[in-house]
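Peer 1: Supplied in structure tokens, the structure appears directly below.
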Amino acid sequence: MSSSFEDLDVWKKSCRLTVRLFELLRECREYGLKDQMLRASVSIPSNIAEGSERKSIPDFRRFLNIAKGSAAELRTQVYISKEINVFSSRDAKELIAELKLISRMLQALHSSLKNRKP
């Protein structure tokens, strides 16, 4: 395992995505959707960090799965937000691409832990 979650590229990338979402949603008046999106976004790096700090491979893998689920939830919300004009097509496309990359990174990290001793 990494010496610290702060060293993980996927954690850094998901933190940057969360900050970007806060900026993009600053003026959003769809408060329920905005709250759900921000919660899902914050959940991604938070679960990476929590799992990493558990210092247990099975726990870390479980929390990576939770983070991956939050990324999928957020991706769905971005699609919906685009349709109701919360996001421009360009912003939505960039966010979706970033979320797909984060999901692949989470899966790769999860897989890399598969054969490690607990």
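Peer 1: Inside the range 19-66, can you point out the residues that are closer than 19 Å to Gln107 by Cα and among the charged types (D, E, K, R)?
Peer 2: Passing the criteria: Glu50, Glu53, Arg54, Lys55, Asp59, Arg61, Arg62.
Peer 1: Just wondering, is there one or more residues in the range 43-56 that are over 20 Å from Glu98 (Cα atoms), touching a residue at least 40 places away in the same chain (Cβ under 8 Å), of a type in the set (Val, Ile, Thr) and assigned to a helix (DSSP H, G or I)?
Peer 2: No: zero hits.
Peer 1: Another one. If you go through the range 82-106 one residue at a time, how many are assigned to a helix (DSSP H, G or I), more than 19 Å from Arg16 (Cβ to Cβ) and of a type outside the set (Asp, Glu)? Walk me through it before giving the result.
Peer 2: Step one: filter the range 82-106 for residues assigned to a helix (DSSP H, G or I), giving 82-83, 89-106.
Those still in the list that are more than 19 Å from Arg16 (Cβ to Cβ) too: 82-83, 89.
Pick out the ones that are also of a type outside the set (Asp, Glu) and you get 82, 89.
Number satisfying all stated conditions: 2.
Peer 1: Looking at Ile57, Ile48 in this structure, which one is surrounded by fewer than 22 Cβ atoms within 10 Å (Cβ to Cβ), in contact with a Leu (Cβ under 9 Å, 6 or more places away or on another chain), under 19 Å from Ser112 (Cβ atoms) and not aromatic (Phe, Trp, Tyr)?
Peer 2: On the way: Ile48 fails: surrounded by fewer than 22 Cβ atoms within 10 Å (Cβ to Cβ).
After ruling out the rest, the residue left standing is Ile57.
Peer 1: Here's something else I'd like to know. Of all residues in the range 47-80 being among the hydroxyl-bearing types (Ser, Thr, Tyr) and within 18 Å of Trp11 (Cβ to Cβ), which is modelled with the highest pLDDT? Walk me through it before giving the result.
Peer 2: Residues of the range 47-80 that are among the hydroxyl-bearing types (Ser, Thr, Tyr), as a first pass: 52, 56, 70, 76, 79.
Filter once more, keeping what is within 18 Å of Trp11 (Cβ to Cβ): 52, 56, 70.
Details: Ser52: 95, Ser56: 92, Ser70: 98.
So, considering only residues that are among the hydroxyl-bearing types (Ser, Thr, Tyr) and within 18 Å of Trp11 (Cβ to Cβ), the one modelled with the highest pLDDT is Ser70.
Peer 1: Pick out the one residue from Ile84, Ile102 that is within 20 Å of Leu8 (Cα to Cα), modelled with pLDDT of 95 or more and not aromatic (Phe, Trp, Tyr). Write out each step before concluding.
Peer 2: Working: Ile84 fails: within 20 Å of Leu8 (Cα to Cα).
Criteria check complete, one pass: Ile102.
Peer 1: Checking the conditions here, which among Arg26, Arg20 is farther than 15 Å from Ser52 by Cα, touching a residue at least 60 places away in the same chain (Cβ under 8 Å) and surrounded by fewer than 16 Cβ atoms within 10 Å (Cβ to Cβ)?
Peer 2: Numbers: Arg26 fails: touching a residue at least 60 places away in the same chain (Cβ under 8 Å).
After ruling out the rest, the residue left standing is Arg20.
The values are calculated or read from the model by the stated rules, or taken from the named source; none is laboratory data. Since the structure is predicted, the reported quantities are computational estimates derived from the model, not experimental observations. Neighbour counts are summed over all protein chains in view; Cβ atoms, including those assigned to glycine, are modelled from backbone coordinates with ideal geometry.
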